[in-house]
Amino acid sequence: RNGGYGIIAVNSTATVQQVAEATGCPLRTLALYATASGTFLAYVPGTTIGAVNAAFLAAFPNGNVAAGTALLAKCGGTTKPKS
């Protein structure tokens, strides 16, 4: 929650949104990564640009992450409003 990297082990099938929320990281600063065929796929819940998440969502149809999937998470931590 204060920033950093972590490994997420999904132990029961969940939507990517459920996984993202379960991290406790502010969604506007979170990025999740998976690998497929040696390529990193990113999921950034705070983006409004669909192309950013397209490859990730293609690898996880309907946004469902299967049980046994390991993801890398990057949390930017809490962000303070600009003064």
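The values are calculated or read from the model by the stated rules, or taken from the named source; none is laboratory data. Small disclaimer: the values here were computed from a predicted structure and weren't measured. All Cβ positions, even for glycine, are placed from backbone atoms using ideal geometry, and neighbour counts span all protein chains on display. SASA here: full protein model, heavy atoms, side chains in, ligands and nucleic acids out. Shrake-Rupley method; radii C 1.70, N 1.55, O 1.52, S 1.80 Å.
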### Message
Using only Cα atoms and rounding to the nearest 10 degrees, what angle (0 to 90) does helix 50-59 make with the longest principal axis of the chain?
### Response
30 degrees
### Query
Can you pull the accessible area of residue 49 for me, 1.4 Å probe, Å² to the nearest 10?
100 Å²
### Task
Identify which of 52, 16, 44 has the largest mean-square fluctuation in a Gaussian network model of the chain, with springs joining Cα atoms closer than 10 Å.
52
### Summary
So, with points 7 Å from each Cα along the Cβ direction, the residue 28-residue 51 label distance in nm works out to 2.5 nm
